[in-house]
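Down below is the structure, laid out as structure tokens.
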Amino acid sequence: MPHTRTSAKTLLTAAELELYDMGRREALAHLDRRTLIAKVKRSRNLRDKYRDLYRRQRLEARDRTGSKRGMSGVANVRTREKAELFGELLTRFEAKLAKGDAAAKLAAEREAKARAAATKAALRSRKGPAAPAPGRAGSRAGFASPRAKSAVAKRQLQKTRLVNIHAHVRSSGQRRQAKRDSRGR
């Protein structure tokens, strides 16, 4: 269950509440990668701290109360809620970081493609009209070589059920041959 700011305010200290505020949608949009990494680390540390504290308190309560789960009424509820809250914060920060990383990777790929296209265009303008590649004469359009064509055909076979059918036909042929071989002895 997502925690609201009011419930977080009753649970957290001032420094922790500041971290919570940084994890809200409005503030999260303005964080840079370096700050996000720091917030991920801090929220992970706090989540682990409260999760471990909750476990220790539960084990201590187990001895005290005699219950197997270590729960007695509302004991340890604040600690458990803090651990859950920081777990939510951690997922928010990590999601934002992953989204930023994906966008940066996409931008880098686009830039690399643009650079490669510019280089290719510059080389083409220097050489003049392009001559056909030597390996392309006998291959079908769309494939760089006969080897690429066979690789595509093989992948297509693997995607379909034809692989199973061919295996069945081959093995039944081998069984028939084995019968003929055994008769000849």
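Miscellaneous remarks
- Residue, modelled with the highest pLDDT, within the stretch 83-125, restricted to residues that are acidic (Asp, Glu) and out of contact with any His (no Cβ under 8 Å at 6 or more places or on another chain): Glu94
- Test result for Ala8, under 30 Å from the mean Cα position of the chain (by Cα) and within 27 Å of Ala104 (Cβ to Cβ): no
- Residues being aromatic (Phe, Trp, Tyr) and surrounded by fewer than 20 Cβ atoms within 10 Å (Cβ to Cβ) - total across the stretch 77-98: 0
- Check on Leu28, under 19 Å from Gly87 (Cα atoms), in contact with a Gly (Cβ under 9 Å, 6 or more places away or on another chain) and surrounded by 12 or more Cβ atoms within 10 Å (Cβ to Cβ): no
- The residues of the stretch 1-30 that are over 13 Å from Phe93 (Cα atoms) and of a type in the set (Ser, Thr, Tyr), listed by number, are Thr4, Thr6, Ser7, Thr10, Thr13.
- Taking the criterion of being of a type in the set (A, V, I, L, M) and within 12 Å of Lys82 (Cα to Cα), the residues of the stretch 31-67 that qualify are Leu46, Leu53.
- Subset of the stretch 129-185 [at pLDDT 70 or above, basic (Lys, Arg) and assigned to a helix (DSSP H, G or I)]: Arg147, Lys149, Lys154, Arg155, Lys159, Arg170, Arg175, Arg176, Lys179, Arg180, Arg183
- Residue check for Ala61: among the small types (Gly, Ala, Ser), in a helix (DSSP H, G or I), out of contact with any Asp or Glu (no Cβ under 8 Å at 6 or more places or on another chain) and at pLDDT below 90: yes
- Contact map, the stretch 2-13: residues that are loosely packed, with under 10 Cβ neighbours inside 10 Å paired with residues that are among the acidic types (Asp, Glu) and assigned to a helix (DSSP H, G or I), Cβ distance under 9 Å, separation 6+ or inter-chain. Pairs shown: Pro2/Glu88.
- Condition met for Arg47 (modelled with pLDDT under 85, touching a Gly at 6+ places or on another chain (Cβ under 8 Å), in a helix (DSSP H, G or I) and surrounded by 15 or more Cβ atoms within 10 Å (Cβ to Cβ)): no
- Subset of the stretch 1-44 (residues that are acidic (Asp, Glu) and in a helix (DSSP H, G or I)): Glu16, Glu18, Asp21, Glu26
The values are calculated or read from the model by the stated rules, or taken from the named source; none is laboratory data. Remember, predicted model here, so these are calculated numbers, not experimental data. Note that we place each Cβ from the backbone using ideal geometry, even for glycine, and neighbour counts take in every protein chain shown.
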